[in-house]
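Colleague: For reference, the structure I am asking about is given below.
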Amino acid sequence: METLLQDRCQSLWDSERLQRFWFKGSDDKGCRIYTSNISEGAERDSIAEYIRFLHIAKGSAAELRTQVYIARQIEVLSSDEKSELVDDLKIVFSMLHSLIKSLKLKT
């Protein structure tokens with residue numbers, strides 16, 4: 001799951017048009033921040049903390065989705081690029097939801 005969007009984001013990040021718009025003054029952290037939250041949560045001492053970080057990861061992915069929609073509205077991304085990223089994000093949201101649900105059953 002952690003590499004699903006990273007690969008797609010990296011190819012888009014290499015686009016000069018996208019660099020001028022997306023996350024000005026930063027690196028491609030928007031594409032990677034949610035995976036960092038997953039990793040950090042996995043290292044916590046309790047399932048409850050892990051679940052909390054998974055929810056944070058969902059929020060970070062939602063921020064990325066918002067950036068994708070904005071980039072499409074101002075024509076930084078093509079319709080196809082936007083659709084691919086949104087489809088990938090739907091998969092990530094579904095995976096995170098399923099993981100959270102299964103972890104809650106263990107508590």
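Colleague: So which residues in segment 69-107 are β-branched (Val, Ile, Thr) and under 30 Å from Glu43 (Cα atoms)?
Modeller: If the condition is that a residue be β-branched (Val, Ile, Thr) and under 30 Å from Glu43 (Cα atoms), then Val86, Ile91, Val92, Ile100, Thr107 are the ones that fit.
Colleague: Among Leu18, Leu89, Leu77, which is modelled with pLDDT under 85 and assigned to a loop (DSSP other than H, G, I, E, B)?
Modeller: Result: Leu77 is the single residue among Leu18, Leu89, Leu77 that is modelled with pLDDT under 85 and assigned to a loop (DSSP other than H, G, I, E, B).
The values are calculated or read from the model by the stated rules, or taken from the named source; none is laboratory data. Nothing here was measured: the structure is a model prediction, and the numbers come from that model.
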